[in-house]
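Below is one structure, written out as structure tokens; the observations come after it.
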Amino acid sequence: DVKVTQSSRYLVKRTGEKVFLECVQDMDHENMFWYRQDPGLGLRLIYFSYDVKMKEKGDIPEGYSVSREKKERFSLILESASTNQTSMYLCASSYRSYNEQFFGPGTRLTVL
Amino acid sequence: ILNVEQSPQSLHVQEGDSTNFTCSFPSSNFYALHWYRWETAKSPEALFVMTLNGDEKKKGRISATLNTKEGYSYLYIKGSQPEDSATYLCAFHQGGSEKLVFGKGTKLTVNP
């Protein structure tokens, strides 16, 4: 059974902290994605990766960075968390870019 | 920035009603159109990936049609059940791009 896991379901951090969100997929997928979901705005792409060590900016990359050192793992990093980064973060993966995406359960991040 | 519009934003129906909603997307440089169902407290799950103009796909009581020339897709649910309550997302995949652009979703509530 296809599986995408995220390191935390809920996370509370303070302004200025460095935050790591981890995503792991067990399907040998090439592509991995990080989205954030905010009420009234839908799913917005932060960053994606189509291969190990490769990354591309999405629509809202400011304030974020990513790391993909291994094929199965894609990390989202908030270098210095701010209150406007309070959101639901969803990771997804797909075999190829045109295939369906499989989503993780999400991490609800609150920055105080 | 690509615009993917979904309507209506929300919908309340009675159990047993049939319903449909719309996704509009750019008609140029089309590659694929995805539909996802996102139930509360769960991850989004793919329903359909559609690539051909005129295509119609079906999964149980849910079906979707695609018109790439005019840039729209319809999702139909026949005989709605309370378990169909979810947010339905469409996502547009433009040719030459690695990423999906999501609409804001249609939130369906089916009352018993």
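At a glance:
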item	result
Debye equation applied to the C-alpha atoms of chain A, log10 I(q)/I(0) at 0.10, 0.14 Å⁻¹	-0.25, -0.49
Between segment A:9-26 and segment B:62-90, the Cα center-to-center distance that results, in Å	34
Cα-Cα over 32 Å, subset of B:Lys69/B:Lys99; A:Lys71/B:Lys104; A:Lys71/B:Lys107; A:Lys18/B:Lys42; A:Lys3/B:Lys57; A:Lys18/B:Lys107	A:Lys71/B:Lys107; A:Lys18/B:Lys107
Order of exposure, largest accessible area first, which applies to B:Asp84, A:Asp28 with probe 1.4 Å	A:Asp28, B:Asp84
DSSP-loop GluC sites (Glu not before Pro) across segment A:1-100, with at most 14 other Cβ within 10 angstrom	A:Glu17, A:Glu62, A:Glu79
Rounded accessible area of A:Arg108 (nearest 10 Å², 1.4 Å probe)	110
Accessible-area value, B:Thr19, 1.4 Å probe, nucleic acids and ligands omitted, Å²	10
Inter-centroid distance (Cα atoms) of segment B:1-20 relative to segment B:92-110, Å	13
Dimensions in Å of segment B:1-59 - Rg and Dmax from alpha carbons	13.5, 39
Of the chymotrypsin sites (Phe, Trp or Tyr not before Pro) in segment B:8-109, those whose Cβ has at most 15 other Cβ within 10 Å and which sit in DSSP loop	none
Candidate residues B:Lys107, B:Lys57, B:Lys99: accessible-area rank, largest first, probe 1.4 Å	B:Lys107, B:Lys57, B:Lys99
Signed unit charges on C-beta, dipole axis of chain A, positive-most listed residue A:Tyr98, A:His29, A:Leu43	A:Leu43
Simple Cβ-charge dipole of chain A, Lys/Arg +1 and Asp/Glu -1, about Cα centre, in debye nearest 20	280
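The values are calculated or read from the model by the stated rules, or taken from the named source; none is laboratory data. What you see is a predicted model, and the numbers here were worked out from it, not measured in a lab. A quick note on method: Cβ atoms are made from the backbone with ideal geometry, for glycine too, and the neighbour counts reach across all protein chains shown. Quick note on the areas: whole protein, heavy atoms, side chains included, nothing else; ligands and nucleic acids left out. Shrake-Rupley method; radii C 1.70, N 1.55, O 1.52, S 1.80 Å.
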